[in-house]
Amino acid sequence: MQTHEELGIEFIENIERIAEILVDGFGLKHGRKVDRTLSSLLRWTDFRLRFIAPNPRKIFVSDKFPLALDAETEQALHKIEKKITAGEDVNPFQGKGLMLLH
(Lines give C-alpha, C1' and ligand atoms only; values in the text may rest on other atoms or scores of the structure.)
Protein backbone atom coordinates (compact mmCIF):
# COMPACT_ATOMS: atom_id res chain seq x y z
CA MET A 1 0.00 0.00 0.00
CA GLN A 2 1.32 3.43 -0.95
CA THR A 3 1.79 6.22 1.55
CA HIS A 4 0.18 9.63 1.03
CA GLU A 5 3.57 10.99 0.05
CA GLU A 6 4.13 8.25 -2.56
CA LEU A 7 0.63 8.79 -3.96
CA GLY A 8 1.33 12.53 -4.20
CA ILE A 9 4.58 11.93 -6.08
CA GLU A 10 2.91 9.47 -8.45
CA PHE A 11 0.06 11.93 -9.02
CA ILE A 12 2.47 14.74 -9.98
CA GLU A 13 4.39 12.38 -12.30
CA ASN A 14 1.15 11.32 -14.00
CA ILE A 15 0.00 14.91 -14.47
CA GLU A 16 3.38 15.84 -15.94
CA ARG A 17 3.22 12.90 -18.37
CA ILE A 18 -0.28 13.89 -19.49
CA ALA A 19 0.80 17.53 -19.89
CA GLU A 20 3.82 16.47 -21.98
CA ILE A 21 1.51 14.50 -24.29
CA LEU A 22 -0.82 17.49 -24.66
CA VAL A 23 2.03 19.95 -25.25
CA ASP A 24 3.51 17.66 -27.91
CA GLY A 25 0.11 16.88 -29.44
CA PHE A 26 -0.72 20.55 -29.92
CA GLY A 27 2.78 21.37 -31.16
CA LEU A 28 3.40 23.89 -28.39
CA LYS A 29 6.91 25.16 -27.82
CA HIS A 30 8.51 26.02 -24.50
CA GLY A 31 12.15 26.56 -23.76
CA ARG A 32 12.32 28.69 -20.63
CA LYS A 33 14.29 27.13 -17.81
CA VAL A 34 11.55 25.98 -15.47
CA ASP A 35 11.53 23.30 -12.81
CA ARG A 36 11.35 20.17 -14.98
CA THR A 37 8.57 18.68 -12.88
CA LEU A 38 6.23 21.52 -13.79
CA SER A 39 7.43 22.84 -17.16
CA SER A 40 4.99 20.95 -19.41
CA LEU A 41 2.15 21.44 -16.96
CA LEU A 42 2.79 25.18 -16.76
CA ARG A 43 3.03 25.45 -20.54
CA TRP A 44 -0.21 23.51 -21.05
CA THR A 45 -2.17 25.53 -18.50
CA ASP A 46 -0.85 28.81 -19.95
CA PHE A 47 -1.99 27.70 -23.42
CA ARG A 48 -5.44 26.62 -22.18
CA LEU A 49 -5.99 29.85 -20.28
CA ARG A 50 -5.20 31.94 -23.39
CA PHE A 51 -6.77 29.68 -26.04
CA ILE A 52 -10.11 31.01 -27.31
CA ALA A 53 -12.56 28.17 -27.91
CA PRO A 54 -14.24 28.56 -31.32
CA ASN A 55 -17.81 29.21 -30.17
CA PRO A 56 -20.25 31.80 -31.51
CA ARG A 57 -20.11 34.91 -29.33
CA LYS A 58 -21.90 38.21 -29.01
CA ILE A 59 -19.88 41.38 -29.39
CA PHE A 60 -20.38 44.35 -27.10
CA VAL A 61 -18.77 47.57 -28.26
CA SER A 62 -17.67 50.13 -25.69
CA ASP A 63 -19.08 53.63 -26.01
CA LYS A 64 -15.43 54.73 -25.72
CA PHE A 65 -14.56 52.95 -28.98
CA PRO A 66 -13.80 55.35 -31.86
CA LEU A 67 -16.85 56.10 -34.00
CA ALA A 68 -14.80 56.57 -37.16
CA LEU A 69 -11.99 54.32 -38.38
CA ASP A 70 -9.97 54.43 -41.57
CA ALA A 71 -11.31 52.06 -44.25
CA GLU A 72 -8.56 49.44 -43.87
CA THR A 73 -8.93 49.23 -40.08
CA GLU A 74 -12.73 49.11 -40.30
CA GLN A 75 -12.57 46.28 -42.85
CA ALA A 76 -10.16 44.29 -40.64
CA LEU A 77 -12.35 44.88 -37.58
CA HIS A 78 -15.47 43.64 -39.41
CA LYS A 79 -13.57 40.55 -40.56
CA ILE A 80 -12.67 39.65 -36.96
CA GLU A 81 -16.19 40.50 -35.73
CA LYS A 82 -17.68 38.19 -38.36
CA LYS A 83 -15.38 35.34 -37.31
CA ILE A 84 -16.21 35.86 -33.62
CA THR A 85 -19.99 35.90 -34.14
CA ALA A 86 -19.80 32.86 -36.46
CA GLY A 87 -17.78 30.88 -33.91
CA GLU A 88 -14.69 30.55 -36.09
CA ASP A 89 -11.16 30.11 -34.75
CA VAL A 90 -9.74 33.52 -33.88
CA ASN A 91 -6.60 32.25 -32.16
CA PRO A 92 -4.36 33.11 -35.14
CA PHE A 93 -5.14 36.78 -34.40
CA GLN A 94 -3.43 36.41 -31.02
CA GLY A 95 -0.03 36.24 -32.65
CA LYS A 96 2.62 33.53 -32.52
CA GLY A 97 3.06 33.71 -28.74
CA LEU A 98 0.16 31.35 -28.11
CA MET A 99 2.00 28.46 -29.80
CA LEU A 100 5.61 29.60 -29.53
CA LEU A 101 5.60 30.86 -25.95
CA HIS A 102 8.90 31.26 -24.08
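The values are calculated or read from the model by the stated rules, or taken from the named source; none is laboratory data. As the structure is a prediction and not an experimental result, all values here were calculated from the model. Note that we place each Cβ from the backbone using ideal geometry, even for glycine, and neighbour counts take in every protein chain shown. The area values use the complete protein model at the heavy-atom level, side chains included, leaving out ligands, DNA and RNA. Shrake-Rupley method; radii C 1.70, N 1.55, O 1.52, S 1.80 Å.
Which residue out of R57, R48 is under 17 Å from D24 (Cα atoms) and free of Cβ contacts under 8 Å to residues at least 40 places away in the same chain?
Every option except R48 fails the conditions.
All but one of (1) out of contact with any Asp or Glu (no Cβ under 6 Å at 6 or more places or on another chain); (2) open to solvent by less than 60 Å² (accessible area, probe 1.4 Å); (3) not basic (K, R) hold for S40; which doesn't?
The failed condition is (1).
Do the conditions hold for T85, that is, is it modelled with pLDDT of 90 or more, hydroxyl-bearing (S, T, Y) and more than 15 Å from the chain's Cα centre (by Cα)? I'd like the intermediate steps shown before the answer.
Values: modelled with pLDDT of 90 or more: yes; hydroxyl-bearing (S, T, Y): yes; more than 15 Å from the chain's Cα centre (by Cα): yes.
For T85, the condition - modelled with pLDDT of 90 or more, hydroxyl-bearing (S, T, Y) and more than 15 Å from the chain's Cα centre (by Cα) - is met.
Please work out if K58 is part of a loop (DSSP other than H, G, I, E, B), at pLDDT 85 or above, farther than 30 Å from I18 by Cβ and not aromatic (F, W, Y).
So K58 fits the description; yes.
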